[in-house]
Amino acid sequence: MSSVTLYARRIHMHLGLFLVPWVLMYALSSLVFNHFATVRAWYGGNMNEFQKVEEFDYTDAFGESVTSQDAARQILIDLDMDGPHFVRGSLDAGQITVMRQKGFGVTRLTYSAGEGKVVMEEQAANAANVMTRMHIRHGFQQDYWSAKLWGLGVEVTALSMLFWILSGVWLWWTIKPTRFLGGLFALGGMGLFSVLLFTL
């Protein structure tokens, strides 16, 4: 066995071990997406239920130059809840909803400018909504170290998958007894993908 093949096998294996939680999360959450109606039925038709926790006055006025993102950040800071989040709605429409993301569950803050109040709700966390929320988290846009590290994890996982493909092809070609059967599997996979690509 050549040194290149040996190193490819070791890196292939060690990356797999390092990324076990990431790949497991993407695998299980993909099953949830693929059987969404069934999984949702397990939770009584709503696997993203929110429960009202508190409602309080919030009369801070935001100037015309303040964006919805800036306002959301200010609300989180005022409530001592600053952290990764995304925003729905707009100040121009008079209401923004701040989804404060956490490891388990989400805190939803709805700010109504006309009423001068914030309603706080907590998501009832369950395995399905935790995994699917992790699945769709991505990017480096948010200025929080935890969000950036998560984005880095996604990047490493994606690049590792590309390496697994390349190293798998390399190992298939260098291990001669596997060439015929491996070639059939490769052709089968590409054939099925091509058929679905042009018929769906």
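The values are calculated or read from the model by the stated rules, or taken from the named source; none is laboratory data. What you are looking at is a predicted structure, and each value in this text was computed from that prediction instead of being measured. For neighbour counting, all protein chains shown are included, and Cβ atoms are generated from backbone atoms with ideal geometry for every residue, glycine included.
Numbers at a glance
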{"read-out": "Flag if Gly94 is without any contact (Cβ under 8 Å) to a residue 24 or more places away in the chain and over 21 Å from Ser30 (Cβ atoms)", "value": "yes"}
{"read-out": "Lone qualifier among Thr110, Thr174, Thr178, Thr157 - being within 30 Å of Gln51 (Cβ to Cβ), of a type in the set (Val, Ile, Thr) and either in the same structural domain as Ile75 (by TED's automatic domain parsing) or surrounded by 11 or more Cβ atoms within 10 Å (Cβ to Cβ) (or both)", "value": "Thr110"}
{"read-out": "Index of the failed condition, Thr59 passing every other in (1) outside any helix (DSSP H, G or I); (2) free of Cβ contacts under 8 Å to residues at least 12 places away in the same chain", "value": "(2)"}
{"read-out": "Conditions (1) under 30 Å from Phe36 (Cβ atoms); (2) in a helix (DSSP H, G or I); (3) among the basic types (Lys, Arg); number of the one not met by Arg100", "value": "(2)"}
{"read-out": "Every residue from segment 14-26 that is surrounded by fewer than 12 Cβ atoms within 10 Å (Cβ to Cβ) and either within 22 Å of Gly105 (Cβ to Cβ) or outside the structural domain of Phe163 (by TED's automatic domain parsing) (or both)", "value": "Pro21, Leu24"}
{"read-out": "Filtered residue count, segment 10-45, keeping only those that are without any contact (Cβ under 8 Å) to a residue 12 or more places away in the chain and outside any helix (DSSP H, G or I)", "value": "3"}
{"read-out": "Number of positions in segment 40-84 that are among the β-branched types (Val, Ile, Thr) and modelled with pLDDT under 85", "value": "2"}
{"read-out": "The lone exception for Gly89 - which of (1) assigned to a helix (DSSP H, G or I); (2) touching a strand residue (DSSP E or B) at 6+ places or on another chain (Cβ under 6 Å) it fails", "value": "(1)"}
{"read-out": "Lone qualifier among Asp70, Asp78 - being within 27 Å of Val154 (Cβ to Cβ) and either in contact with a Pro (Cβ under 6 Å, 6 or more places away or on another chain) or of a type outside the set (Gly, Ala, Ser) (or both)", "value": "Asp70"}
{"read-out": "Count - residues of segment 166-187 that are under 15 Å from His12 (Cα atoms) and of a type in the set (Gly, Ala, Ser)", "value": "2"}
{"read-out": "Matching residues, segment 62-86, being in a loop (DSSP other than H, G, I, E, B) and among the hydrophobic types (A, V, I, L, M, F, W, C)", "value": "Phe62, Val66, Leu79, Met81"}
